[in-house]
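Some notes on the structure that comes next.
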Amino acid sequence: MKMSATVDQCALCGGALQPGETILEIWKGKELIVIKDVPADVCQQCQDAYISPEVSEQLDHFMTEHKQHAPQRYLSVPEYSAAQAVSESV
């Protein structure tokens, strides 16, 4: 995710940005933290999301104290090794 002050065009593909929401997946050590419904400007072509500096600052603050909050739910996420995912014949 990119931080954006006031951008109206995607830096990745040039598509138009519109207000929307995104999901952040943040690794903190070996812990995966998922934050959904994050306000962002979202590219209408490639779905790349741009988060404002204000929202980014709030997220940084939340991450310092996230263990003080009860999550909405816990997710079960499968994990695979590269050896499983990448064939030696490639």
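The values are calculated or read from the model by the stated rules, or taken from the named source; none is laboratory data. As the structure is a prediction and not an experimental result, all values here were calculated from the model. Positions of Cβ are backbone-derived with ideal geometry, glycine not excepted, and every protein chain shown enters the neighbour counts.
Could you list, in sequence order, all residues of segment 11-24 that are within 17 Å of the chain's Cα centre (by Cα) and modelled with pLDDT of 95 or more? Show your work before the answer.
Going residue by residue through segment 11-24, those that are within 17 Å of the chain's Cα centre (by Cα) are 11-12, 17-24.
Those that are within 17 Å of the chain's Cα centre (by Cα) and modelled with pLDDT of 95 or more: Leu17, Gln18, Pro19, Gly20, Glu21, Thr22, Ile23, Leu24.
Among residues of segment 18-34 that are under 20 Å from Asp48 (Cα atoms), those with a Cβ under 8 angstrom from a residue that is not in a strand (DSSP E or B) and not hydroxyl-bearing (Ser, Thr, Tyr), sequence gap 6+ or separate chain, pair up as Gln18/Gln44; Thr22/Met1; Leu24/Met1; Leu24/Leu59; Ile26/Met63; Ile33/Met63; Ile33/His66; Val34/Leu75.
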